[in-house]
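The values are calculated or read from the model by the stated rules, or taken from the named source; none is laboratory data. These numbers were taken from a predicted model, which means no experiment stands behind them. Don't worry about glycine lacking a Cβ; one is built from the backbone with ideal geometry, like all the others, and counts go over all protein chains shown.
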């Protein structure tokens, strides 16, 4: 097979390659991982910026934005006071065709309802598809899989490179949507038909089309990625690296790759139908033409619920890797962790209807979906208690990776518990489409995935770039994220219970929501702090890349294979192919010379401790 | 209950680069099966909810498509013969059978083009259907078109295998590339049988 020979060529003929081959069209999984990381770190500012615009509108509805908005006097008297006033004055005097991009979306600095719809749609789309997935799966999947299973590279390096550049293409198409006439997609990230299938409802034409095309292109990229991950993990493990000795983060990435492989084609097929409806005049989702708008919901959520686990499972794996290192204890219940991961992945396929309790489904069917959804709390609870069991009695230290991992565990518990409320059909009727849902998903995706992402970034940064991140700045960043995060998203539970709708442009137009004005302002200020404190991370990241303290090969004293090779790892990863003798978490084995035993150390732990090591 | 001993247990699968491509193709086909699955499930849901769904046999030419199905099944046989030829070191046999297989795919596509033009002339298009639900035409063209795209890719793929065979790239020991192409081609055939059953027969 050509790709197999390609691997050999890469490794045997590697001399110093040119700039293009090293940094742009690199076949090395470590470089591709860094490329995915940069893609995600670029997109997170766009996705986050959109969220801050949303929060401005919710706290100060229909008031001009600070800095770029017109002054109060100008709005009252029409007399320009500042340079921005003069700018808006000249813009507004132009005809509709001549007005600039900004004026169409926020004249005098006030966000229009149509732009607001595009903001929440694109905030979710970008964060899910272009931040969490590229970083957690694209970056850490690529970086960790070969290094942690003891392989030289991925099975198909060229496919890997293509996967990245196709993801970039998808990103460009998605961003281009902001620039086309009519604005970007505005039907929510779930793109419910007929809102999404017929341009007359939202007034959005090519924005929604580009949204569709971008996600189809991204689906191809993910398909390539998952083929690579699955093949590599099954076929390229080093001698002795049995499945039950795989680090848990590799297990989670393996299962996520399977979910991606099976879920994304369903989304692609659904989007193909949507595009046909929009461009060719078919009626898949148009009841008037014999179609069924609910079909979109079924297909979307059949993809969408596994997608939720695609976002959270890698973070669970990361945390399962980090907690033992900083507790100096083996993970509690390795096998149960693997089974729980698989259980969540399986149950994820039979719960999609819980997003559709309000769609008029048969109550018996609703009850079935309710029960299958609640079943997921069993494997989730197994994982949570195993994390707590890992910490129990451990010799715990609190560097930045550990702080973020602990934040993951605690925030995931809050997000998981609020999920159980929604799973109940009766309660869901009340909280459906309210801010309670927004609170829940942010506790899971921000509190879960993003804290997992920060934990992974802090933990593996030394291996990736050969330098340590500044610990003080890391901790400052953690606290400036953790506290504003809770101030931002916890009060949303209260708003939701109070009936605050989810995708509402101006809550103040309803009398019963006016009591929440104070909360909305508090949430928005917290969100601004949360957003701007990410600058600390950005600064620390790039500063440490060049000026950080040099890292040694195993700065955290961990046991897995990536810490046995040089920092940063050479091309081909290992000078000699490693041989594996132990499971991934042999910490504090009684009788052992030091408190961690590398997976590659050929020592008899059973003989040392008298009763065996810490399991597999 | 301890597996942590000094003995090295080999990983379940040995490091065999030859098998990567095969596994990769299997994984891809699993994903591809899901896209066909989603299209067919959507088709089923729309059809079940429709009040004026026509009886397919009254519109579509079953005899022609039965022949197309037969042709595709035969092409799977020639694919197997081609793989068997190269496994016995018969490079010419491989090329011959690959070309026959690709030709069958090409004839299949030609017949599909004929079928489509015929149906379009009778008014069945993506958005219109004189015999009942518009979505009959929509789903028909989308599903058979998606399958036709797979056949097109398959014909190109098999032609490349044949060309490489002519250059002597395959041998009895090195037939992996042919086998992988075979996986794809058999999958395309298998999917057609499902499409034929659900779209034409039932």
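I'd like the full set of residues that are crowded, with 17+ Cβ neighbours inside 10 Å, farther than 13 Å from residue B:198 by Cβ and more than 7 Å from chain A (Cβ to nearest Cβ), limited to region B:34-64.
Those that are crowded, with 17+ Cβ neighbours inside 10 Å, farther than 13 Å from residue B:198 by Cβ and more than 7 Å from chain A (Cβ to nearest Cβ): B:54, B:59.
Please go through region A:151-160 and pick out each residue that is farther than 18 Å from residue A:219 by Cβ and assigned to a helix (DSSP H, G or I).
If the condition is that a residue be farther than 18 Å from residue A:219 by Cβ and assigned to a helix (DSSP H, G or I), then A:157, A:158 are the ones that fit.
Residues that are at pLDDT 95 or above and in contact with a helix residue (DSSP H, G or I) (Cβ under 6 Å, 6 or more places away or on another chain): list the helices (runs of 4 or more DSSP H) wholly contained in region B:7-125 that include at least 2 such residues. Talk me through it step by step, then tell me what you get.
Working: elements: B:17-48, B:56-59, B:62-87, B:91-121.
Correct list: B:17-48, B:62-87, B:91-121.
Checking residue A:592 against (1) within 14 Å of chain B (Cβ to nearest Cβ); (2) closer than 22 Å to residue A:140 by Cβ, only one condition comes out false. Which one?
(2)
Conditions: (1) under 30 Å from residue A:324 (Cα atoms); (2) at pLDDT below 95; (3) more than 14 Å from chain B (Cβ to nearest Cβ). Residue A:239 meets all but one. Number of the miss?
All conditions pass for residue A:239, except number (3).
Does residue A:257 satisfy being within 11 Å of chain B (Cβ to nearest Cβ), crowded, with 24+ Cβ neighbours inside 10 Å, touching a helix residue (DSSP H, G or I) at 6+ places or on another chain (Cβ under 6 Å) and within 13 Å of residue A:141 (Cα to Cα)? Spell out the reasoning first.
Values: within 11 Å of chain B (Cβ to nearest Cβ): yes; crowded, with 24+ Cβ neighbours inside 10 Å: yes; touching a helix residue (DSSP H, G or I) at 6+ places or on another chain (Cβ under 6 Å): yes; within 13 Å of residue A:141 (Cα to Cα): yes.
In short, yes.
What number of residues in region A:503-560 are part of a loop (DSSP other than H, G, I, E, B) and either out of contact with any strand residue (DSSP E or B) (no Cβ under 6 Å at 6 or more places or on another chain) or buried (at least 18 other Cβ atoms within 10 Å of the Cβ) (or both)? Write out each step before concluding.
First pass over region A:503-560, keeping only residues part of a loop (DSSP other than H, G, I, E, B): A:503-506, A:510, A:548-549, A:551-560.
Then drop every residue that is not either out of contact with any strand residue (DSSP E or B) (no Cβ under 6 Å at 6 or more places or on another chain) or buried (at least 18 other Cβ atoms within 10 Å of the Cβ) (or both), which leaves A:503-506, A:510, A:548-549, A:551-556, A:558-560.
Final tally of qualifying residues: 16.
Quick one: would you say residue A:69 is part of a helix (DSSP H, G or I) and in contact with a helix residue (DSSP H, G or I) (Cβ under 6 Å, 6 or more places away or on another chain)? Lay out the reasoning, then the answer.
Details: part of a helix (DSSP H, G or I): no; in contact with a helix residue (DSSP H, G or I) (Cβ under 6 Å, 6 or more places away or on another chain): yes.
So residue A:69 does not fit the description; no.
Checking residue A:371 against (1) more than 30 Å from residue A:325 (Cα to Cα); (2) touching a helix residue (DSSP H, G or I) at 6+ places or on another chain (Cβ under 6 Å), which single condition isn't satisfied?
In the conditions (1) more than 30 Å from residue A:325 (Cα to Cα); (2) touching a helix residue (DSSP H, G or I) at 6+ places or on another chain (Cβ under 6 Å), residue A:371 misses (2) alone.
Got a sec? Which of A:262, A:223, A:275, A:294 is surrounded by fewer than 22 Cβ atoms within 10 Å (Cβ to Cβ), facing another protein chain (nearest Cβ under 7 Å) and assigned to a helix (DSSP H, G or I)?
Values: A:223 fails: surrounded by fewer than 22 Cβ atoms within 10 Å (Cβ to Cβ); A:275 fails: facing another protein chain (nearest Cβ under 7 Å); A:294 fails: facing another protein chain (nearest Cβ under 7 Å).
When all the criteria are applied, what remains is A:262.
Identify the residue in region B:104-121 that is free of Cβ contacts under 8 Å to residues at least 24 places away in the same chain and over 23 Å from the mean Cα position of the chain (by Cα) and, among all such residues, is surrounded by the fewest Cβ atoms within 10 Å (Cβ to Cβ).
Filtering region B:104-121 for residues that are free of Cβ contacts under 8 Å to residues at least 24 places away in the same chain and over 23 Å from the mean Cα position of the chain (by Cα), the one surrounded by the fewest Cβ atoms within 10 Å (Cβ to Cβ) comes out as B:121.
Confirm whether residue A:578 is touching a helix residue (DSSP H, G or I) at 6+ places or on another chain (Cβ under 6 Å), crowded, with 21+ Cβ neighbours inside 10 Å, in contact (Cβ under 8 Å) with a residue 12 or more places away in the chain and within 14 Å of chain B (Cβ to nearest Cβ). Please lay out each step first, then the result.
Details: touching a helix residue (DSSP H, G or I) at 6+ places or on another chain (Cβ under 6 Å): yes; crowded, with 21+ Cβ neighbours inside 10 Å: yes; in contact (Cβ under 8 Å) with a residue 12 or more places away in the chain: yes; within 14 Å of chain B (Cβ to nearest Cβ): yes.
Against the criterion (touching a helix residue (DSSP H, G or I) at 6+ places or on another chain (Cβ under 6 Å), crowded, with 21+ Cβ neighbours inside 10 Å, in contact (Cβ under 8 Å) with a residue 12 or more places away in the chain and within 14 Å of chain B (Cβ to nearest Cβ)), residue A:578 qualifies.
When region A:573-616 is examined, which residues are found to be farther than 18 Å from residue A:248 by Cα and modelled with pLDDT of 90 or more?
Within region A:573-616, A:573, A:574, A:578, A:579 meet the criteria.
Checking the structure you have, find out if any residue of region B:157-178 is under 30 Å from residue A:280 (Cβ atoms), surrounded by 14 or more Cβ atoms within 10 Å (Cβ to Cβ) and over 22 Å from the mean Cα position of the chain (by Cα). Talk me through it step by step, then tell me what you get.
Here is the first cut: in region B:157-178, the ones under 30 Å from residue A:280 (Cβ atoms) are B:157.
With surrounded by 14 or more Cβ atoms within 10 Å (Cβ to Cβ) added as a condition, the list becomes B:157.
Now drop any that are not over 22 Å from the mean Cα position of the chain (by Cα), which leaves none.
No, the conditions are met nowhere in region B:157-178.
Out of the residues in region A:72-105 that are in a helix (DSSP H, G or I), over 22 Å from residue A:179 (Cα atoms) and without any contact (Cβ under 8 Å) to a residue 24 or more places away in the chain, which is farthest from the chain's Cα centre (by Cα)?
Here the residue is A:77.
Among what's in region B:172-202 and is in contact with a helix residue (DSSP H, G or I) (Cβ under 7 Å, 6 or more places away or on another chain) and not in a helix (DSSP H, G or I), pick the residue that is farthest from the other protein chains (Cβ to nearest Cβ).
The selected residue is B:172.
Which residue is nearest to residue A:401 (Cα to Cα), if the candidates are limited to region A:304-340 and must be outside any helix (DSSP H, G or I) and touching a residue at least 60 places away in the same chain (Cβ under 8 Å)? If you could, list the steps in order and put the result at the bottom.
Within region A:304-340, the first condition is being outside any helix (DSSP H, G or I), and the residues that meet it are A:328-333.
Next cut, touching a residue at least 60 places away in the same chain (Cβ under 8 Å) only: A:328-332.
Values: A:328: 14, A:329: 16, A:330: 17, A:331: 16, A:332: 19 Å.
Only one residue tops the list, namely A:328.
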